[in-house]
Amino acid sequence: MTAQPVRLTSSYFTNLISSNPFDITNTIKHCHNLEDHRLPQSYRVAVLGATGAVGAELLTLLAERHFPIADLKLLASPRSAGQTLTFQGETLPVVAVDAAAFESVDLVLASAGGSVSKVWAPVAVAAGAVVIDNSSAFRMHPDVPLVVPEINPEAAAAHQGIIANPNCSTILMNVAVYPLHQVQPVRRIVAATYQSASGAGARAMEEVKAQTQAILQGEAPIAEIFPYPLAFNLFPHNTPINAQGYCEEEMKMVNETRKIFGAPELRITATCVRVPVLRAHSEMVNLEFETPFDAPQAREVLGQAPGVKLVEDWQANHFPMPIEASGRDEVLVGRIRRDISHPCGLELWLSGDQIRKGAALNAVQIAELLVAQDRLQSGKAAAIGVGQ
Ligand code: 2RA
C-alpha cells in the first residue's frame, strides 16, 4: 500500500503531544527546532505478526494516532500469509515474511513471538530498518533499550537497531509505580497479577469464549492453547517454572522492572495468575519505601502521572476493573492505601489494557518517540550482534 505521505510539520507534533498520554514536548524541543529544522517526511512501516491480537491493535493505533506512513507492509508466518486486512479503508495482503520483505523498510513493529523475532529482527536491522520488538527475545540484551516512554524515553535514543517493548504486566505495573519511585525510591515491590486471556493471543480469547459456551451447555470445555480450562477457573501463569519456583512471567516482572528503572538491586517478587477475563490485566501492588508514603500524597502524584488515570470511589466501592480498562490507553489505578502491616508500606490496585498499553500502544509510542528524536533511521548503521 502506498499511503498519502504525511508531512511532519510542527502541527503534526502539536497534535501528537496533545493526543499522547505522556508529554514528549521537551524531547521534541531538544531534538528539533520546529520552525527551521527540515523534518523527515513519512516512513515505510512493516508489521510483523499482523494477523495476531497485538498486530490488529498496532494497525488500529497507527491509523488512530496518524503515524506518518508512506508505505505499509503486513507480514506474518507462512501459515497466516494469504489473508487480507483492512487499513484506513484499504485492503492489504498479508505476505509471508522473508529476507526481501525488509528491503526499503524504515520501521518494523514485530509481534510474532520470540523465535520469529530472533530470526528476523537481525535481518531487518541489517537491511536498514529499526525494529521495535514486542517479544521477550532481546529485552534483557545489554545493548537493547527496554523502553516505557513515560519512564525512560532517553533510553530509546541509544538504540542500535532494536528496541524492546517490555512484557505487558511489567509495563502496567511500571507506569503506576515509577512516578512514586521518583518521589521516594521504592525498596521492595510485591505484586500479584490477574492476567486476562488476551495475553496469550487472539486464539486464547476464542478458546475461553468457546469454553464458557461449552460449560453453560453442560459440555466439557476443551483446552488447547492453555494447559487447563480457563472459563470459570484460574491458574498460576502458564509459563515454565525455574528452580526457585518462579515462572517466566514472574521473572519478567522482576528483571525488566530493574532494567527500566535502572535499579539492578531493586527487590521485587511477583505471583502471576491467569484469570477468566477476556481482555485487560489487573494487578495488586504492595510497595515498601524508606519512610512512610501517605496515601493522599501517592494519590496526588498518581493523579498527575503520565499514562495513569485514577479510578477511586470509596463510597461506591468502585475501583479499576478490566472491563473499564479495555480499549483505554491509560492504566487505571485506585484503592491506594497505607499497608496496615508495615509502617512504610503502600498498596494499590490497577487494571490496564494488555493489548493496548501492555503491548501495541507502548510500541507505537516508542515509534513516535523515535520520530521526535530523529532516531527512526539507520538501524543498519549501528547494527550490533544482537541475536547472533
Ligand atoms: C501474558 N506475557 O501472558 C503475556 C502478555 N505479554 O499475559
Phi to ³J(HN,Hα) by Karplus 6.51 cos²θ - 1.76 cosθ + 1.60 over segment 56-69, Hz, x for Gly, Pro: 4, 5, 4, 5, 4, 5, 4, 6, 4, 9, 6, 4, x, 9
Three semi-axes of the equivalent ellipsoid, segment 237-388, Cα gyration tensor, whole Å, largest first: 29, 21, 18
Normalised contact order of the chain, rounded percent, pairs of Cα under 8 Å and 6 or more residues apart: 19
Note, ³J(HN,Hα) from phi for segment 177-189, Karplus 6.51, -1.76, 1.60, rounded to Hz, x at Gly and Pro: 8, 4, x, 6, 4, 6, 6, 8, x, 7, 9, 8, 10
Where chymotrypsin sites (Phe, Trp or Tyr not before Pro) fall in DSSP loop in segment 284-343, at most 16 other Cβ within 10 Å: Trp314
Electrostatic dipole magnitude of the chain [Cβ: Lys, Arg +1; Asp, Glu -1; Cα centre; debye, to 20]: 300
Percent breakdown of C-alpha pair distances by 20 Å bin, ordered from the shortest bin, for the chain: 28, 58, 14, 0
Backbone HN-Hα couplings from phi across segment 220-236 [Karplus 6.51/-1.76/1.60, Hz, Gly and Pro as x]: 7, x, 9, 10, 10, 6, 8, x, 9, x, 9, 4, 6, 8, 7, 7, x
Fewest-first sequence of Lys357, Lys309 by Cβ atoms within 10 Å of each Cβ: Lys309, Lys357
Built amide H within the under 5 Å cut-off of Ile69, gap 5+: Val6, Tyr43
Antiparallel bridges, percent of DSSP beta bridges restricted to segment 170-354 (to nearest 5): 70
Two-site FRET efficiency, Phe232 against Ala158, from Cβ-Cβ distance with R₀ of 41 Å, rounded to 0.05: 0.30
Cβ-based exposure ranking for Ile260, Ile366, Ile340, in which fewest neighbours within 10 Å come first: Ile340, Ile260, Ile366
Efficiency of FRET between Ala99 and Ile340 - r from beta-carbon atoms, R0 45 angstrom, step 0.05: 0.15
Sequence-distant residues sharing a close amide H with Met140 (under 5 Å, placed H): none
Taking segment 67-151 and dividing mean pair separation by its residue count, relative contact order in percent (alpha carbons under 8 Å, at least six apart): 21
Restricting segment 73-170 to trypsin sites (Lys or Arg not before Pro) in coil, as DSSP defines it, with at most 10 other Cβ within 10 Å: Arg79
Cα-based convex hull, segment 70-223, per residue volume (Å³, whole number): 182
Least to most buried among Tyr43, Tyr228 (fewest other Cβ within 10 Å first): Tyr228, Tyr43
The chain: calculated mean residue ellipticity at 222 nm from DSSP helix runs of at least 4, using -39500 (n - 2.57): -9000 deg cm²/dmol
Amide H contacts under 5 Å for Val311, placed H, 5+ residues apart: Val333, Gly334
Peptides 183-189, 90-96 ordered by average Cβ neighbours within 10 Å, highest first: 183-189, 90-96
Within segment 246-290: backbone nitrogen closer than 20 Å to the Glu206 label point (7 Å, Cα to C-beta): 276-280
DSSP beta bridges in the chain [antiparallel fraction, %, rounded to 5]: 50
Length-normalised contact order for segment 170-354 - Cα pairs under 8 Å, 6+ apart - percent: 28
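Read-outs throughout are calculated quantities, based only on the coordinates presented, and are distinct from any laboratory measurement. None of the values given here were measured: they were computed from a predicted structure. In this analysis, Cβ positions are derived from the backbone assuming ideal geometry, glycine residues included, and neighbour counts consider all displayed protein chains.
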